[in-house]
Amino acid sequence: MDEFLASVPISGPQEYTRQAFDIILYDAELDLTKAPDAEMNGICRIHFNWVLEPDTNKFYFHLRSLLIDSVLYNGAKTTAVRVGTPDMADFHYEITPPAGSQWNDNVITIFYSGIMTSEPGNFSWGGVFGDSDYLYSIGVGFTNNYISTTQHWLPCYDHPSDKAKYKAKFKVDDDFVVASNGILTGVAEEDGHKIYSWQHDYDCATYMLTFAVSDFDIIEIPSQDPPVVVFARPELNAASRYVFKKVPEMISAYENRFGKYPFDKAGYVCLPMSGAMEHQTMVSFDRRIVRNAFSAKDSTNSVVAHELAHQWFGGKVTCRDFRDTWLNEGFATFCEAIWLESFRGKAGYLNEIRSAANSYLNNNSKVDGIFPLHNYPHTPPSSNYPGTIYNKGSVVLAMLRYHLGDSLFLGSIKEYLNTYANFTATSQLLQSTIEGYSGQGLDWFFDQWVFQA
């Protein structure tokens, strides 16, 4: 069927369909004056262009648990039609553009409100969380069928294939500070409240967007380029300065192998979460890891290095859909070994790779099951983020490095990062880039280790 005769269907989390629109910018205003409670009021302006005929297509966006008050299309009131039910992976809203719509410079404005929530299930990891001291968001879930959870606080096309720039204003009580993506461009006072303005002028997948609210200190880690900042409550100030002090060295280690740090800030925010999440330029980080690393006097923390590596693998180049999440997690886990290699030499690198291999063989393969890295199962006993894609992924990359040698391997990875910078990629595109750079056919390797179990 000719693509101009019927609306392009929305992509699912584990599939990719080229959409009729291209989102340029999310511009949001969030009233979070109830924080740390999750009640909010918001306005989101989605700037986009049509890339296929607007008269025969629809604009899609995701929003969960929050109520839409009204919607404007280029300033005129319109209707957002709810499609599906919240238990469905492709639950979304769709807007039919008016006849004769312009192709470029369109803005959909969504007014919305309600209680922000997290993913359903026994292990709720993605979405929005509030307690007595914090209100914060995490961009993906472990067990939800829709995976990306920015839709719990921001109306957006919540699929990694359409990356966009971002800016947001957060209104909070005077005692609070807001951490988010990009650069803090201003703090204004209004009626006993503060408004924090953040702006990120790099294309970003929606699952990499975040915010966090608490009475944070803003800690500057001595560095050259880029600046390194940590948001932590006062009781974690000393621990944070110690645990994150080697981030500039980590950046140098990765720059030496993969090219310049891709953004204008490296940030971490310490939260009462489990684990860490690589939000672009503002990593969400478990405060317990900070405390434990400080107690152990460990400033070489592998979790810090892992999340930093995601700024290249996941941030600069993003998996096109969640069939290829191993491109993010396998590379970031591999980079933990690269970080150790930078100061412990090849022995440190090999020990870390050996540890990942043992973790996969003795644990992940038995718990998750045995499956490919590409298009792996997302349902039990696996999950959206099974340990297999971390540990097996890192070992497969180490095997490829051994096979190609450092010059061809590192050169081809730089080529991959530069070719798909600020865009998305797939396992197939990684393979073709490495083959083109190295001059070697690698079907035998990728078929065995990536596309098959």
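The values are calculated or read from the model by the stated rules, or taken from the named source; none is laboratory data. None of the values given here were measured: they were computed from a predicted structure. In this analysis, Cβ positions are derived from the backbone assuming ideal geometry, glycine residues included, and neighbour counts consider all displayed protein chains. Note: accessible area is taken over every heavy atom of the protein model, side chains too, but ligands, DNA and RNA are not part of it. Shrake-Rupley method; radii C 1.70, N 1.55, O 1.52, S 1.80 Å.
Within the accessible surface of the range 184-340, defined with a 1.4 Å probe on protein heavy atoms only, the carbon and sulfur portion equals 44 percent. Modelled this way, with points 7 Å down the Cα-to-C-beta line, the labels at Met88 and Glu415 are 4.4 nm from one another.
What is the sum of charges, Lys and Arg at +1 and Asp and Glu at -1, for the other residues whose Cβ falls under 13 Å from the Cβ of Lys34?
Details: positive: Lys171; negative: Asp31, Asp37, Glu39, Asp173.
Combined, the nearby Lys, Arg, Asp and Glu give -3.
Put simply, the amide H of Ala212, placed in the peptide plane, has neighbours under 5 Å in Ala179, leaving out anything fewer than 5 places away on its chain.
Count charges around Phe176 for me, please; just the other residues with Cβ under 9 Å from its Cβ, Lys/Arg as +1, Asp/Glu as -1. Its environment carries a net charge of -3.
Peptides 115-123, 59-67, ordered by how many other C-beta atoms sit within 10 Å of their residues on average, highest first, read 59-67, 115-123.
Along the range 13-20 the Karplus relation, 6.51 cos²θ - 1.76 cosθ + 1.60 evaluated at θ = phi - 60°, assigns HN-Hα couplings of x, 10, 7, 9, 10, 4, 7, 7 Hz to successive residues, with x for each Gly and Pro. What whole-number distance in Å separates the alpha-carbon centres of the range 232-275 and the range 103-148? First find each Cα centre; the distance between them is then 24 Å. Close amide-amide hydrogen proximity is noted between Asp217 and Ala232, Arg233, each under 5 Å apart and 5 or more residues distant or on a separate chain (H modeled in the peptide plane; Pro and chain starts excluded). Using θ = phi - 60° in the Karplus curve 6.51 cos²θ - 1.76 cosθ + 1.60, the 3J(HN,Hα) couplings for the range 111-124 round to 9, 8, 6, x, 9, 6, 10, 10, 4, x, x, 6, 10, 8 Hz; x is entered for Gly and Pro. Solvent-accessible area per residue in the chain equals 38 Å², computed with a 1.4 angstrom probe and all protein chains kept.
Taking amide H as placed 1.01 Å from N in the peptide plane, Cys156 has its amide H under 5 Å from the amide H of His62, each at least 5 places away in sequence or on another chain. Take every pair of alpha-carbon atoms less than 8 Å apart whose residues are at least six positions apart; their mean separation over the length of the chain yields a relative contact order of 12 percent. Ordering 19-29, 324-334 by mean Cβ neighbour count within 10 Å, with the highest value first, yields 324-334, 19-29.
For the range 350-437, with all protein chains in place and a probe radius of 1.4 Å, 55% of the accessible heavy-atom surface sits on carbon or sulfur.
Whole-Hz Karplus values for the range 424-429 come out as 10, 8, 10, 4, 5, 6 Hz, taken residue by residue from phi with 6.51 cos²θ - 1.76 cosθ + 1.60 and θ = phi - 60°; glycine and proline positions read x.
If a/c stays under 1.5 just call it rounded; otherwise compare a/b with b/c (prolate if a/b is bigger, oblate if not). Do that for the range 270-424, with a ≥ b ≥ c from the square roots of the Cα gyration tensor eigenvalues.
Numbers: a/c = 1.19, a/b = 1.09, b/c = 1.09.
Rounded is the answer for the range 270-424, as its axis ratio a/c remains below 1.5.
Working ranking of peptides 436-442, 230-236, 84-90 by packing, defined as the average number of other Cβ atoms within 10 Å per residue, highest first, is 230-236, 436-442, 84-90.
Within the set [x] 21.7; [y] 26.6; [z] 24.2, the number that mean projected area of the Cα convex hull in nm² takes when calculated for this structure is listed as [x].
What is the sum of charges, Lys and Arg at +1 and Asp and Glu at -1, for the other residues whose Cβ falls under 15 Å from the Cβ of Asp87? Don't skip to the answer; put the middle values down first.
Values: positive: Arg64, Arg82; negative: Asp90, Glu119.
Summing Lys and Arg as +1 and Asp and Glu as -1 gives 0.
Given R₀ = 25 Å, FRET efficiency for Thr185-Asn256 by Cβ-Cβ distance, to 0.05? The value I calculate is 0.20.
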